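Report on the following structure.
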Amino acid sequence: MAQESGQQHPLSIYFWIWGLLFVLSFFSYMVDYMNFQGGVRWALILLFMFLKAGLIVSIFMHLAWERKALKVAILLPPLALLVLVLLMTYEADYTFATRIDFFGEGAPATPVHHP
């Protein structure tokens with residue numbers, strides 16, 4: 001009977017990443033506790049969120065040890081969606097500015113119909 005050999009990762013890497021996730025979660029909670037406001041708050045929340053998601057995907061879902069083609073196939077669609085969302089955000093600002101130019105600052109959001 002042939003013994004099947006596979007790639008084994010040391011358990012210590014999982015424990016280190018697990019601890020790092022706890023530290024990042026602590027910092028994420030501290031953003032709310034320290035009562036940051038505005039863009040700084042959202043930038044920190046998104047930074048910690050993406051760091052934690054990246055660690056989970058790369059280590060616990062074993063993406064770090066996969067072939068480059070699989071990494072690209074998994075990571076490219078969410079990046080493309082992020083670019084499209086950013087483009088929509090830019091377009092929304094342009095559309096809103098155009099609406100203000102055309103209708104004026106005090107215009108109602110919906111047309112008013114009089115009988």
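We did not get these values from a lab; they are worked out from the coordinates using the rules stated. Everything numeric here is computed off the predicted structure, so don't read it as measured data. All Cβ positions, even for glycine, are placed from backbone atoms using ideal geometry, and neighbour counts span all protein chains on display.
Legend: Rg and Dmax of segment 10-65, from Cα coordinates, 13.0, 42 Å.
The sum of -39500 (n - 2.57) across all DSSP H runs of n ≥ 4, divided by the residue count of the chain, sets its helix-only mean residue ellipticity at 222 nm to -24000 deg cm²/dmol. Put a dot 7 Å past the Cα of W42, heading toward its Cβ, do the same for D101, and the two dots end up 2.4 nm apart. Here percent of Cα pairs over 24 Å apart was calculated from the structure, and among [x] 58; [y] 13; [z] 52 it sits at label [x]. Using a Gaussian network model of the chain in which every pair of alpha carbons under 10 angstrom is joined by a spring, one finds that among A97, A43, A80 the greatest mean-square fluctuation is at A97.
Against the main long axis of the alpha-carbon atoms of the chain, helix 38-55 sits at an angle near 30°. Taking the chain as a Gaussian network, Cα atoms linked when under 10 Å apart, which of L81, L21, L55 shows the biggest mean-square fluctuation? Result for the chain, Cα springs under 10 Å: L81 fluctuates most. Once C-alpha pairs closer than 8 Å and six or more residues apart are averaged by separation and normalised to the residue number of segment 10-65, the relative contact order reads 40 percent. Relative to the longest principal axis of the Cα atoms of the chain, the long axis of helix 11-33 lies at roughly 20 degrees. The angle between the Cα long axis of helix 68-103 and the longest principal axis of the Cα atoms of the chain comes to about 10 degrees, rounded to the nearest 10. Estimated at 0.36 nm per residue, the fully extended path between W16 and Y90 surpasses their Cα-Cα distance by 22.7 nm.
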